[in-house]
1. What list do you get for A:Lys369, A:Lys192 if you sort them by fewest beta carbons within 10 Å?
2. Apply the Karplus curve 6.51 cos²θ - 1.76 cosθ + 1.60, θ = phi - 60°, to the phi angles in the range A:98-111 and return the couplings in whole Hz, x for Gly and Pro.
3. For a 24 Å ceiling on Cα separation, which of these pairs sit above it: A:Lys226/A:Lys350; B:Lys197/B:Lys231; B:Lys174/B:Lys301; A:Lys226/A:Lys298; B:Lys98/B:Lys254?
4. Provide the gained length on full extension for the span A:Gln191 to A:Glu224, in nm with one decimal, where the gain is 0.36 nm per separating residue minus the Cα-Cα distance.
5. Report, in debye and to the nearest 20, how large the dipole of chain A comes out about its Cα centre when Lys and Arg carry +1 and Asp and Glu carry -1 on their Cβ.
6. Please arrange A:Ser196, A:Ser133 by counting, for each residue, the other beta carbons lying within 10 Å of its beta carbon, fewest first.
7. Would you mind ranking A:Leu184, B:Leu257, B:Leu218 by Cβ crowding within 10 Å, fewest neighbours first?
8. Projected onto the charge dipole of the range B:5-305 (+1 at Lys/Arg Cβ, -1 at Asp/Glu Cβ, origin at the Cα centre), which of B:Thr158, B:Gln13, B:Gln252 gives the Cα projection farthest towards the positive end?
Amino acid sequence: MNSLIKTAALVGTDAVAEAMRQINPDVVAAYPITPQTAIVETFSQMVADGLVKTQMIAVESEHSAMSATIGAASSGIRAMTCTSSQGLALMWELLYIASGLRLPIVMPNVNRSLSAPINIHCDHGDSMGARDSGWIQLFSENAQEAYDNTIQAIRIAEHPDIQLPVMVLMDGFIISHSIDRLDLQDDTSVQKFIGSRNPAYSLLDSQNPTSVGTFDSLYGYFFEFKRQQEEGMINALNVIQEVGNEFGTLFGRSYGLFETVGMEDAEYAVIATGSAAGTIRMEVEHLRSSGVPIGMIKLRSFRPFPAKQLAELLSGLKAVAVFDRSDTFAGHMGGPIFIELRSSLYDLEKKPLTINYVYGLGGRDLSEKLVKKAAGELMETAQNGFVRQTVNYLGLRE
Amino acid sequence: MSTKLKDLVKKPQILSGGHRLCAGCGAPIAVRQVLMGMPDDIQLVVACPTGCLEVSTTIYPYTSWNCSYIHCAFENAAATLSGVETAYRSLKEQDKLKEDYRFIAFGGDGGTYDIGFQALSGALERGHRLIYVCYNNEAYMNTGIQRSGATIMGTWTTTSPHGDNSFGKKENQKNMTAIAAAHNIPYVAQASISHWKDLVRKAQKAFAADGPAFLNVLSPCHRGWRFPMEKTVEMAKLAVQTCMWPLYEVEQGKWNLTTKVRDKKPIEEYLKPQGRFGHLFKSSPEVIAAIQDNVDREWEKLLRLCGE
């Protein structure tokens, strides 16, 4: 490790703003929305204090935030924005344009539920709604991971084999507004790690003027473009790991597509993502210390979804419980992680039984007690060899 | 800068031939006249919202634009271009770019008056140095003639049809030029492709403005207005002569009438040759009178604002 580390106590939004200061993007266009607001406030102050070279655009909506970011990123420079919830929903059509134009935009999204009823607290319904938009989506467990993911996202997005936008996800309030202890790298090391952006095309290349966002018709190339976009997402499975390993070598914290606890000898496992992983890990470790063969997978990359890697890891297990902080409203199909995991396991000869726990919508707390209850049901399922109830709502008053 | 025809014809063609706009379309005339007002020593980035001009000039893998161009979506040309302009300022400040650039958006009235209204207002308020040109043909023509906020009362469109219970569009158009002027930006003007010298001079002022500029250019659409395709410029001229489309500018807050109309022609002379108003002459003469009233009222208001 040759990077200087400063230990700090920061709320999640300040940790992300600090990462943005070190990335020092050329343009940031953003709009306030709870609980993201603190990022744009802190960053605006950094601009006002001359700590960054960034030109800030205080736009009149999230729709314009993403539009301006797309315009800026098409001009050969590094452009960022950040949002939450309704703001992400308002950006929706532009998310597809950012990925379709292969623009490596990095956007922290502080996960918050979508209206109605209006609720400012955490669930993953906002970013899950954008799961088919062609953005890479990386979840964070705490402020440290939000900081680390934001920095790594630049490298992942701009990788020549990818050229796709990245959403860095962190739980609203639980991460964004809680003070956490984290290690910050020094500016020079971060700058060296991310390097400079060298796009193939820029609107501001006077020698090679270019048309961006051209029209494609029935006999055009739309299908080929979209297939190439998927290729970028497939390539991301490797690049996310490469960048995570390099980050680990330099800074001492390695990252992959997911993190595991006790999976080497687990007979059943829990899968979760975001801040809930902390509570679940505590319970899993507690159970393991008393000899229970339980393991845990903390999903970091939801897009791309590491289907093959998860299937290999779960092959032969007796049962798997999937925790989802959002619902798909598909008629008892369960949450999005559950649906995708079940699909990933389909071709396995030795498939584990699967149970889904939808929890924490609108910020409802996931207590240790609730995790214990779910773990107990998981063990029971593994012992009985059948699933009593596939989709369960954990912590629901009924 | 010169507005002499012998000088203007020597300007480079930014919008090249071979685009797929209809013969007789007003939009490329508006674009060419505006770009004749561009200084010689600058680079240009054009932005288009979704619309006729966009779909007809950039059919992949071709482009009609001899400059950089971006299309993002329908309602966000101004916001997208504000991002490009900000990226430019960033590079300039970092001393990473030598050339001088200007930024110009060409949007139809749907993308300007209606769906793109918020993004345009935001960009004007933020003071980006960009020009927003509305090539105004008073309806959604790209999707096949639907009413917009720019459509005149009484107009037949496919979403304001006339019938036993309808005389066409019920409401007057909004005054987008005045709304743009209310943003207190350096330069706002209303122009027509029929008055090219006036238009080029206004474009020159827009390019010179140290901040946002807005040009509202009447660009008739023979498909939607229902007149013979060779009459495009004539229709635009009639709109000016009847005071349906007065030519004026608002420069640093000062209103100035750029074309004085001494013998205002009756509105019938403008409405009669256009199929979109044909039903009014058969069944709704009172609507023609109401259109005339509105034209007169707006004209008087404008004269007062211009100190005439």
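Every read-out reported here was derived from the displayed coordinates using simple, explicitly stated rules and does not represent laboratory data. Note that the coordinates shown come from a computational prediction; the quantities given were computed from them, not determined experimentally. Cβ placement follows ideal geometry from the backbone for every residue including glycine, while neighbour counts extend to all protein chains displayed.
1. So the ranking, lowest neighbour count to highest, is A:Lys369, A:Lys192.
2. Here the 3J(HN,Hα) series is 4, 6, x, 7, 6, 9, x, 7, 9, 9, x, 10, 8, 4 Hz.
3. A:Lys226/A:Lys350; A:Lys226/A:Lys298; B:Lys98/B:Lys254
4. On the way: separation 33, 0.36 × 33 = 11.88 nm, distance 3.51 nm.
Length gained between A:Gln191 and A:Glu224: 8.4 nm.
5. Using only the charged Cβ atoms, the result is roughly 360 debye.
6. A:Ser196, A:Ser133
7. So the ranking, lowest neighbour count to highest, is B:Leu257, A:Leu184, B:Leu218.
8. The Cα lying farthest towards the positive end belongs to B:Gln13.
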